[in-house]
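What follows is a short report on a single structure.
The values are calculated or read from the model by the stated rules, or taken from the named source; none is laboratory data. This structure is a prediction, so every number in the text was calculated from the model and none was measured. Neighbour counts are summed over all protein chains in view; Cβ atoms, including those assigned to glycine, are modelled from backbone coordinates with ideal geometry. SASA here: full protein model, heavy atoms, side chains in, ligands and nucleic acids out. Shrake-Rupley method; radii C 1.70, N 1.55, O 1.52, S 1.80 Å.
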Amino acid sequence: MTPFRITPAQAAEEMLDFHSKLKAGAEHVANITDLGVGVTPRDEVYRENKLVLYRYRSRRKNSINPVPVLIVYALVNRPYMTDLQQNRSIIKGLVEAGLVVYLIDWGYPDRADCGLTLTDYINGYLDRCVDIIRDGHNLKQINLLGICQGGVFGLCYSAIRRSKVKNLITMVTPVDFHTPDNLLSRWVRQLDVDLLVDATGNVPGEFLNWIFLSLKPFRLTGQKYVDMVDSLDDRDKAETFMRMEKWIFDSPDQAGETFREFVKEFFQGNGLVAGKIQIGGRRVDLRDVTIPVLNIYAAEDHLVPPSASKALKQHVGTDDYSELEFGGGHIGIYVSARSQREVPAAIGNWLDLRT
Amino acid sequence: MTNRDSTDWTEEWLNVQRRYAQDWARLATPNRTETPHSSTSDPDSWSEALGHWWQLTSATLSPSAQEFVAKLVKQGQSYSQNAMGLAQALESGKAGIPPDWHDAFTQVVEAWNDAIPFAPMSQEGLTGANLEGTMGDFAKLTSERLEQLLAVPGVGAGRETQDRLGELARLGMKYQNAWRDYVGVHGEISKESAHALAQALGDLAAQGESIETYRELYDLWVDCCERVYAKHVTSDEYVGIFGALVNSLMAYTLHCKYVAEPVVRGLGLPTRSEMETLMQRFHTLRCENDVIRTELDRLGKIVTGLQARSCDTKPETGGTPRKRKAARKASLVTRAPRKSGAHGAKR
């Protein structure tokens, strides 16, 4: 017995429906003229080379929580994912939860930045941003929120500059890079990173995009677009999709020396859990992270598997360690409707209890 | 020439497709008659129609929208071709011959593989893997001879150039071999995916379930492909092949720049090596500046603190000349440092 129950008439009808939706979708897409991203008003506080430090404005006269939060995003993608549009903005949620929110925009490195190292980013740029916020608020410590690779930066910083950090939140942050289900880590295991960086200088963003798409090529290069046709006749959904597309392929080049260090020492050497990372001449030992930590991870994350994030629990030195599992993927944790309801409130409540 | 907008053309195209659907329905009836639209039996007619529509409407979109919709149209064309192809293959059963549905959807699956923009998953990779058995020995022999030839050192005034070009050719061959291995793996994945889909469909049939729409079939195929793909790409063999591919490409890329350097230098243009030297020195200077700036900030804070303390203890206006002299000396020590000249002040 054949499992097919598709008649020619049904197939033709399905095609007609598909083409009608495609036509309607094309009309909506044609009318999208401005894909603005970043909706929460903000002010530039500090600028250094390509880096810009922003503070987000709140409609409240006084914030509920006086200790500001500095969001440290990854170098790999652009941070406007956290403030994509009105109904998909983690930053907006954090501001409405009564927090004072700052964000580091690392910018787009060019060849002049190829010599930047992890020490420059963590012990240099990040440290100066923290000092500016501390001085501006007359505080000894601030809160850090690190996202993905930014969470790794946050952990390293909290280990070597713990006197300046009050609480640390990590989101979808890899800690143990050698868990069995970490496909990305397996792929780069036999990569000659020195050769790659020597050949390219800064590692092109397109190269990283290709690798990320290769993790699930059928879904990410095919099915995603077929799925989208079903939603394109809704203008709002069409705009959301186009913004996501903009972000996915808006990948800065990676400063060569930073990429070299990060891949060799973290991905290949798994140095973070082994205590072998050196930043600014100081050894990073996760046991030195004795401040409260909230570790948020995505249950269906194919880029940073939950096991890679949850490993933090057994390595970090704090007695106040909390976990929050979000039932989505690596990107859904910022942009899904559910994440807007759950994540900012959870972060706000957790910080309020520790202020 | 009338000025008709794309909406009119779109409506006309949809009307044509409705007539095609009606003809399809007539074809499916037992006492059907021949229709003038014989091209509806051609699986490409739908995708051709979509292509014509796209040609008409694409000019009205912005470049970024064009790129996005072009991807959707390509998916739509593939979808159309495969739906019609599948329907045709199934229809052959209605002539009284039981349809071999396994062959039917295997054809469809292989056509789908071509539609995926992920290049290594193409039929080309599959073909390459098949040919390796017959061409492999010859290719290997040729490759070995060529390697020997390229390993011969250069002679004469141009020996440096000969060596560079020989190394470039050798690295190019190495990259081609790595690429062939990479494509070969993806060819295997393609073949195995088709079998996985057959298995999945067999399981559905055994459970008494069925595929009701073409979309369900497509989604099932994607699931099967991702499963097979994940199985292969997590293997040590694939990790080695992937590493070899990237490493060989980077080695070739790096050597290309090395070959180009004498030419660039000869033209009086800055070379990559020179730029890298400059970047390294620039970075070193930047690091030194950061250290100096941090130290200056620290010293500035100390000076500010000392100034604040000295303001709290004001010098006496009366007293002995020795006391007045001591007070003046103290005020001189706490005065703000003069700004240094151009070398120190500028950053």
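Note on chain A: Rg/Rh from Cα positions, Kirkwood definition for Rh, rounded to two decimals, is 1.00. Excluding ligands, DNA and RNA, the accessible surface per residue across chain A is 37 Å² with a 1.4 Å probe. Stretching the chain fully between A:ILE64 and A:TYR321 yields a gain of 90.2 nm (0.36 nm per residue, less the alpha carbon separation).
The accessible-area ordering, largest first, of the residues A:ASP83, A:ASP288 stands as A:ASP288, A:ASP83, per a 1.4 angstrom probe. Take each residue of peptide B:45-53, count the partner chain Cβ atoms within 10 Å of its Cβ, and average: the result is 2.
How well do other chains shield peptide B:241-252, expressed as the mean number of their Cβ atoms within 10 Å of each residue Cβ?
Details: counts 1, 8, 6, 3, 1, 11, 7, 2, 3, 10, 5, 1.
Neighbouring Cβ atoms belonging to other protein chains average 5 per residue here.
Beyond 17 Å, what share of the Cα-Cα pairs of region A:1-81 is found? Please give it as a whole percent. Walk me through the numbers before you get to the answer.
Values: 2337 of 3240 pairs.
Beyond 17 Å sits 72 percent of the P(r) for region A:1-81.
To the nearest ten degrees, helix A:8-30 and the longest principal axis of the Cα atoms of chain A are 50 degrees apart.
Post the alpha-carbon centroid distance, region A:186-218 to region A:73-146, in whole angstrom. So the two Cα centres are separated by 25 Å. Stretching the chain fully between B:LYS257 and B:ARG286 yields a gain of 7.7 nm (0.36 nm per residue, less the alpha carbon separation). Neighbouring Cβ atoms from other chains, within 10 Å of the Cβ of residues in A:111-121, number 4 on average.
Less than 10 Å Cβ to Cβ from A:GLY124, Lys/Arg counted +1 and Asp/Glu -1: what total charge do the surrounding residues give?
Numbers: positive: A:ARG128, B:ARG286; negative: A:GLU48, A:ASP120, A:ASP127, B:ASP290.
Residues near A:GLY124 contribute -2 overall.
Interface size between chain A and chain B, please: total buried accessible area, 1.4 Å probe, rounded to the nearest 100 Å².
Values: alone 16550 and 24700 Å², together 34560 Å².
Separately minus together, A and B give about 6700 Å² buried.
If you take the alpha carbon radius of gyration of region A:152-272 and divide it by 2.2 N^0.38 Å, what ratio comes out, to two decimals?
Working: Rg = 17.9 Å, N = 121, 2.2 N^0.38 = 13.6 Å.
In units of the globular-protein estimate, region A:152-272 measures up at 1.32.
Compute the Cα gyration tensor for region A:32-165, then decide on rounded, prolate or oblate, letting a ≥ b ≥ c be the square roots of its eigenvalues: rounded whenever a/c is under 1.5, prolate when a/b is larger than b/c in the other cases, and oblate in all that remain.
Oblate, since a/c reaches 1.5 and b/c is not below a/b.
Heavy atoms only, probe 1.4 Å: what % of the accessible area of chain A goes to carbon and sulfur, would you let me know? Carbon and sulfur: 47 percent of the exposed surface of chain A.
Starting from the Kirkwood Rh over alpha-carbon pairs, what translational D in µm² s⁻¹ does region A:137-178 have by Stokes-Einstein at 20 °C and 1.002 mPa s? For the chosen part, D equals 204 µm²/s.
Residues of region A:215-230 that lose at least 40 Å² of accessible area (1.4 Å probe, protein heavy atoms only) when the other protein chains are present, relative to their chain alone, are A:PRO217, A:PHE218, A:ARG219, A:THR221, A:GLN223, A:TYR225, A:VAL226. A:LYS164 sits among other residues whose Cβ lies under 12 Å from its own Cβ, and their net charge, with Lys and Arg +1 and Asp and Glu -1, is +3.
Which percent of the accessible area of region B:214-289 is formed by carbon and sulfur heavy atoms (probe 1.4 angstrom)?
Working: 2480 of 3900 Å².
Accessible surface attributable to carbon and sulfur in region B:214-289 totals 63 percent.
Of the trypsin sites (Lys or Arg not before Pro) found in region A:139-184, those in coil by DSSP whose Cβ has at most 13 other Cβ atoms within 10 Å are A:LYS140.
Count neighbours as other Cβ atoms within 10 Å of each site's Cβ, and list the GluC sites (Glu not before Pro) in region B:199-277 that are DSSP loop with at most 16 such neighbours. Walk me through the numbers on the way to the answer.
Numbers: sites: B:GLU209, B:GLU212, B:GLU216, B:GLU226, B:GLU237, B:GLU274, B:GLU276; in loops: B:GLU209, B:GLU212.
Qualifying residues, ordered by number: B:GLU209, B:GLU212.
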